[in-house]
1. Can you tell me the length gained on complete extension of the stretch A:K5 to A:A107, counting 0.36 nm per residue apart and subtracting the Cα distance?
2. Pull up the DSSP beta bridges for region A:27-183 and report the antiparallel fraction as a percent, rounded to 5.
3. Would you mind pulling out the separation of the Cα centroids of region B:26-55 and region A:231-278, in Å?
4. At R0 = 60 Å, how high is the FRET efficiency between B:V115 and B:V156 if r is their beta carbon distance? Nearest 0.05 is fine.
5. Between B:V175 and A:K131, how high is the FRET efficiency from 1/(1 + (r/R0)^6) when r is the Cβ-Cβ distance and R₀ = 45 Å? Nearest 0.05.
6. Just rank B:F241, B:F21, A:F32, fewest to most, by other beta-carbon atoms within 10 angstrom.
7. Among DSSP beta bridges lying fully in the protein assembly as shown, give the percent that are antiparallel, nearest 5.
8. Which pairs break 20 Å Cα to Cα here: A:K131/B:K10; A:K109/A:K180; A:K73/B:K10?
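Read the figures in this text as sums done on the coordinates, not as results from a lab. If you're wondering where the values come from, they're calculated on a predicted model, not measured in any experiment. Cβ placement follows ideal geometry from the backbone for every residue including glycine, while neighbour counts extend to all protein chains displayed.
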Amino acid sequence: MIQIKDLTKRYGQHLAVDHINFSVNQGEILGFLGPNGAGKSTTMNIITGYLSATEGSVTIDGLDLVDHPMEVKRKIGYLPEFPPLYPEMTVGEYLDFVAEIKRVSPAAKKESLEKIMDLIKIGEVRSRLIKNLSKGYKQRVGLAQALVGNPPILILDEPTVGLDPRQIIEIRELIKELGKDHTVILSSHILPEVSAVCERVIIINKGKIVASDTPENLSKRLTGGSHLLLRVAGRETEVVQVLSQVAGVSNVQAKGEREPGTVDVVVEAAGEEDIRRALFFALSEARLPILLMKAEDLTLEEIFLQLITEEEEVAS
Amino acid sequence: MLAVLKREFKAYFHSPVGYIFMGFFLLISGLFFTLIDLVPGSANYTGVLANIIFVFLFAVPILTMRLMAEDQRLKTDQLLLTSPLSITGLVLGKYLAAVAVFLLTLLITGLYPLVIQIHGLLAVGEVIGGYIGFFLLGSVFIAIGLFISATTDNQVVAAFTTFGCLLLVWLWDAVRQIVPKEAAAGAIFVALLMVGLIALLYKATRNWLVSLLPGVLGLGAVVAIYLTRDYIFYGLLPVFFARFSLLDRFDTFIMGVFDFSTVVYYLSFAAFFIFLTVRLIEKKRWS
C-alpha cells in the first residue's frame with residue numbers, strides 16, 4: 001500500500017533522513033519509534049507531501065507522490081505534531097472548511113462530519129471556538145481533521161503527546177479501532193505506547209532505520225532471555241553468591257541498597273525457561289526472604305543503546 | 001480555492017484586522033471627501049481619490065500581514081499543503097480574499113460620489129475611471145504585501161517590511177526626478193545589471209566559466225557601445241525608472257482616460273508577485 005524507497009532528506013550538510021526503505025501493507029498499524037530529532041516527523045512530512053525529498057520515492061497504491069500529488073494526498077489523512085487548527089474558528093466551521101479543501105462532496109459532507117464527530121466524541125464542543133478548547137480536545141479535533149474525506153491511510157505524528165493518562169488510553173483505543181479499516185502509521189517516542197497499539201515497529205535513529213519487527217520479537221531479541229528484578233533481605237555478597245548458583249541463571253548484577261537491610265539485584269536468565277520458582281526455592285533455603293520480584297522492562301533509552309552498540313559490533 | 005477565499009474573508013471579520021482596515025480606510029477617505037468636496041462645495045471627486053493614495057501605505061500592511069505569515073506560525077500550512085489543493089489555488093484564494101475586503105471598502109466609499117451626484121454635477125466617466133485605477137493600484141499593493149507575508153512567520157515583520165516597500169513605491173517618482181540622465185550613468189547602470197545577472201548565473205550553475213564568459217562578453221559590449229555610440233545610454237536611467245513607476249500611471253485614470261495597456265500593466269505586476277509567492281512556497285518544501 002505504501003512503499004518508501006531510498007528516502008533521503010538533506011538540510012544543508014545535515015542528513016535528517018538517510019536512505020530509508022520500508023513498506024506498509026493494507027490494514028496494518030505501523031509504529032515509528034525514535035528519540036526526538038531522529039527524523040520521524042521529517043519522514044511523515046515527506047510521505048504526506050508537505051516536504052519534498054532530496055532523493056528517493058514515495059509510492060502509494062502504485063501512484064508516485066511526485067507524479068500524482070493530488071490523487072495521493074486524497075488518500076492520506078495527516079495529524080502533524082502540532083494539530084493544524086485555526087483558533088478563531090469554531091470546531092464545526094473548521095471541520096466544514098477541512099471538508100471543503102479535501103473536496104468532500106457537499107451532499108455527503110454533513111453526514112460524514114456528524115459520523116466523525118460522533119466517533120471522536122467532539123460533538124458537544126462543535127460550536128465552541130478552538131482557542132478555548134483544552135489540549136485534549138484540540139488533539140481530538142486534529143484527529144477528526146485527519147479523518148475528514150475518509151482517507152484509507154492515516155498518518156499520526158505523536159498523537160498522544162501532552163494528553164493526560166485517561167485521554168491517552170482513549171486515543172489509543174480509538175486508533176486501534178480506526179486500524180480495523182485504515183492503514184495507520186503512528187509515531188511515538190514511548191515504547192509501551194507503540195507496543196500497545198502497533199502490529200509492527202520501525203525504530204529510527206539519526207535518520208536511519210535501526211530495527212523493524214513486531215513489538216514482541218523486538219523485545220525478545222533485545223533482551224535475549226528475560227531480566228528479573230529482585231529485592232532480597234540480606235547482605236549483598238551472600239545474595240549474589242546464592243543466586244549465581246541457581247541453574248539457568250546467566251548473570252547476576254547487584255543494584256545496591258534501596259531499602260534498609262535489603263539488596264536489589266537483576267537476574268538474567270540464559271534461555272527461555274522460567275527461573276522464578278528456582279530462585280524462590282534457592283533463596284528460601286538460604287533463609288533470604290524475597291520482598292519483591294518483577295520482570296524488568298527495557299526503557300526506550302536502553303533499547304537504543306543496545307541497538308546502536310549491536311550495530312557498531314556488526315560494523316567492526 | 002473558493003474554500004480558502006471564503007475562510008480567509010471570514011477570518012478578516014473574526015479578528016479586529018478587517019474592521020481596523022475598513023475603519024481606517026473609511027475614516028481617511030471620509031475626511032478627505034469632507035475637506036476637498038463638502039466644505040468648499042466642489043464636485044471634484046477624483047481629487048479625493050488621488051489624495052488618499054497614501055492610505056495604502058498604512059492600510060495594505062494591515063490587510064496583508066497575516067495572509068501567509070499566520071499559517072506558518074499556526075502550522076496550519078501543514079493542513080493546507082497536504083490537502084488536495086494546488087499551491088496556486090491556495091495563494092490565489094488568500095489574495096482574492098484580501099482584494100475582496102478592499103473592494104467591499106471601496107464600494108462603501110461609493111456613497112461619496114453618490115452624494116455629489118444628488119447635489120451637483122458629477123463627472124461620471126472620470127470617477128469610474130478613477131475607481132478602476134484606484135482598485136487596480138490597491139490590488140498591486142496587496143500582491144506585494146502577500147509576497148512579503150510569505151517570507152516570514154512574524155506578522156509584525158511582514159507589516160513593517162510591506163510598509164517599507166510601499167514607501168519605496170511611493171517615493172519612486174521623487175527619486176525618478178533626480179536620477180542622472182547622462183550616458184555614463186546609463187552605461188554604469190547596465191553594467192551593474194550585468195554583474196547582477198552574472199551573480200545569478202553563477203548561483204544557479206556554480207560554474208565560473210559558464211557565468212563569466214557571457215559576463216565578459218556583455219560587459220565588453222557595454223564598454224564598446226559607450227565608447228562608440230554613447231547616445232544610446234543617454235536618458236536610459238530615467239526611462240527605466242519611469243517604466244516601474246506605479247503611481248505615474250494612476251494619473252491617466254484620474255484624467256478619465258481608460259488606457260487598456262495600463263490595466264494590463266497593473267494586472268501583470270500583481271500576477272508577478274502572486275507568481276513569486278507561489279514559487280517561494282514551493283521552494284520552502286525543497287529547502
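1. That pair, A:K5 and A:A107, stretches by 32.9 nm at full extension.
2. The antiparallel fraction comes to roughly 40 percent.
3. 93
4. 0.95
5. 0.50
6. B:F241, B:F21, A:F32
7. Percent antiparallel among DSSP bridges in the protein assembly as shown is about 70.
8. Exceeds cut-off: A:K109/A:K180; A:K73/B:K10.
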